[in-house]
Amino acid sequence: MNDVALERKLRARSARIAVVGLGYAGLPMAVEFARAGFACVGLDVDASKVEQVTRGRSPVSNVADAEVASLRADRLLEASSDARVLDTADVAVICVPTPLTSSGGPDLRFVEAAGVTIGQHLRPGMLVVLQSTCGPGTTSKVLQPLLERISGLRAGDDFFLVFAPERIDPGNIRYTVKNTPKLVGGATPESTRLGCVLYEACIDEVVPVSSPEIAELAKLVENTFRFINISFINEMALLCDHLGVNVWEVIEAAKTKPFAFMPHYPSPGVGGHCIPVVPQYLQAAAREHGLLGELIPAANRINEAMPKLVVDKLERALRERLGKRLFNANVLLVGVTYKPDIADIRESAALLRVFEEAFARGARVGYHDPFMPAVVLKDEVVRSVELNPLNLERVDAVVLLTPHTGIDYDSIIRASRLVIDTHSGLQPREAPNVVNIWVPEVASPVLS
């Protein structure tokens, strides 16, 4: 196999790269390749994403329109829905979604569909990279046989195959694609080496590992670590609530230990693709090998209970403060994306769980979010409500969920009858109409 020719192209930045999937992981990776000087084409079945990129616009919130427009002007970034662009590609990078099935298990249909498409256009000497998060063995036992069967070529003999997981954190301006270390695990040592050559052109630190399985598990472990620790602190928040203790103050006290502690904070639930979804791939691997895997199911139960806790607090506050029932109450949720300052509602606990829970109990629920002018819930379009005094006076309670930095919370408190605050535990907003759900309303008791 002519690995020398591919390496020469990679080092000269003359290799043509096709990124399959133009979403939150794919487009930032395509942009980084193009910035490094590679001619890069994004391949996506979603014609609207292709059209936006072609017009110099970004279809995702973690890439700016100006970045896409600049690379388009320099003819370094293209977009297409035509799989024939793979015929001239030297590298194919798979960045497609890996969601969960309706039963909560791994859903690899997009990876498999991408594998079929690439296999139909695979040529000797190409490098195929899987970046989509998946369970251990997906690269070697699912993607590799699929590519080999469709193309008639063999990994290691005719083409190169690598798993190099994405580590995108939308909204994080400190750690980007470029300065987040890249793990590279190849099906063969030569695959790993060439994968490293590819990423060294555009990423500051590349970390080779001994196999795709190591890289696959590392990705699962790093996200599951956060998931389990979030569930732990959410459970502590429940305990502190029963004890009448400020959980935020407890965390701040624990943070004074200079080693062996990493702070996590209570929340209405977990969201995004990585944190709630990735651990289920690890749990599925455990089940497949006959292990119980007890921590992840327990963490699931705790995190899934948090939106209910928020609505419980809302219901109690309405009853005790206003003498109203939640049923038929007008409720406004403020901030419904899964994390602050991004336009992303994937697995949003605020939108998909707090909204649904309050609605299921009979509340009339609306929302305000400057990053999401409209959302689709139960096949209906729901539009963001303006935050003006008239609208705020009409609602019985406002629930502060995702803490976007551009929202004037003081004006909300002044104009609202009742505010349920889920995110200012360390320095609680103090006003007669504000209920801070993580802060006890009385001083912490002396425990016997």
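The values are calculated or read from the model by the stated rules, or taken from the named source; none is laboratory data. Computed from a predicted structure; not experimentally measured. No Cβ is skipped: glycine too gets one built from the backbone with ideal geometry, and neighbour counts run over all protein chains shown. Only protein heavy atoms, including side chains, enter the accessible area calculation; ligands, DNA and RNA are left aside. Shrake-Rupley method; radii C 1.70, N 1.55, O 1.52, S 1.80 Å.
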(request) Between beta-carbons, use under 13 Å as the cut-off and find the net charge around residue 45, counting Lys and Arg +1, Asp and Glu -1. (result) -2
(message) In the chain, if the dipole is taken from +1 on Lys/Arg beta carbons and -1 on Asp/Glu beta carbons about the Cα centre, which of 302, 404, 34 is farthest to the positive end?
(response) 404
(request) Quick one: dipole size for segment 207-296, taken about the Cα centre, charges +1 on Lys/Arg Cβ and -1 on Asp/Glu Cβ, in debye to the nearest 20. (result) 140 debye
(request) Post the alpha-carbon centroid distance, segment 218-259 to segment 269-318, in whole angstrom. (result) 15 Å
(message) With an 8 Å Cα cut-off and a minimum separation of 6 or more residues, compute the relative contact order for the chain in percent.
(response) 11 percent
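Rounded to the nearest whole Å², what accessible area per residue is found for the chain with the 1.4 Å probe?
Using a 1.4 Å probe on heavy atoms only, each residue of the chain averages 46 Å².
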(request) Quick one: work out the % antiparallel among DSSP beta bridges in segment 237-391, nearest 5. (result) 45 percent
(request) Write down the radius of gyration of segment 154-276 and its Dmax, each obtained from C-alpha positions, in Å. (result) 19.3, 65
(message) Charges on Cβ only, +1 for Lys and Arg, -1 for Asp and Glu, centred on the Cα centroid of segment 139-234; of 234, 183, 194, which one is farthest towards the dipole's positive end?
(response) 234
(request) With springs connecting C-alpha atoms under 10 Å apart, model the chain as a Gaussian network and identify which of 56, 21, 186 has the largest mean-square fluctuation. (result) 56
(request) May I ask what percent, to the nearest 5, of DSSP beta bridges between residues of the chain are antiparallel? (result) 15 percent
(request) Identify the trypsin sites (Lys or Arg not before Pro) of segment 1-87 meeting these criteria: DSSP loop state and at most 16 other C-beta atoms within 10 Å of the C-beta. (result) 13, 55, 57, 75
(request) Could you rank the peptides 275-286, 354-365 by their average count of other C-beta atoms within 10 Å per residue, with the highest value first? (result) 275-286, 354-365
(request) Any chance you could check the Cα centroid distance between segment 378-435 and segment 322-363 for me, in angstrom? (result) 11 Å
(request) Could you size up the charge dipole of the chain around its Cα centre, putting +1 on the beta carbon of Lys and Arg and -1 on that of Asp and Glu, and report it in debye to the nearest 20? (result) 260 debye
(message) Given the DSSP H assignment, sum -39500 (n - 2.57) over each helix run of at least 4 residues in the chain and divide by its residue total; what's the result at 222 nm in deg cm²/dmol, nearest 500?
(response) -11500 deg cm²/dmol
(request) Could you rank the peptides 314-327, 218-231 by their average count of other C-beta atoms within 10 Å per residue, with the highest value first? (result) 218-231, 314-327
(message) Mean-square fluctuation check for the chain, GNM, Cα pairs under 10 Å: which of 434, 381, 209 is largest?
(response) 381
(request) Quick one: dipole size for segment 327-448, taken about the Cα centre, charges +1 on Lys/Arg Cβ and -1 on Asp/Glu Cβ, in debye to the nearest 20. (result) 180 debye
(message) As I understand it, the dipole of the chain uses +1 on the Cβ of Lys and Arg and -1 on the Cβ of Asp and Glu, about the Cα centre. Which of 413, 390, 206 lies farthest toward its positive end?
(response) 390
(message) Past 29 Å, Cα to Cα: identify those pairs from 49/141; 49/178; 308/339; 255/324; 49/339; 219/339, in the order given.
(response) 49/141; 255/324
(message) With a 1.4 Å probe and all protein chains left in place, how much of the accessible area of the chain comes from carbon and sulfur atoms, in whole percent?
(response) 54 percent
(request) Please label the shape of segment 1-86 as rounded, prolate or oblate, based on the square roots a ≥ b ≥ c of the eigenvalues of the alpha-carbon gyration tensor (a/c under 1.5 means rounded; beyond that, a/b larger than b/c means prolate, else oblate). (result) prolate
(request) Pull out a ≥ b ≥ c, the square roots of the eigenvalues of the alpha-carbon gyration tensor of segment 10-163, then state rounded if a/c is under 1.5, prolate if not and a/b is larger than b/c, and oblate in the remaining case. (result) oblate
(request) Match the structure shown to one of the listed values (i) 52, 23, 20; (ii) 37, 26, 19; (iii) 45, 24, 19 of semi-axes √(5λ) of the Cα gyration tensor in Å, computed from it, and give that label. (result) (iii)
(message) I'd like the distance between the alpha-carbon centres of segment 1-72 and segment 172-187, rounded to an integer number of Å.
(response) 16 Å
(request) Select from 159, 38, 261 the residue whose mean-square fluctuation is largest in a Gaussian network model of the chain (Cα-Cα springs shorter than 10 Å). (result) 261
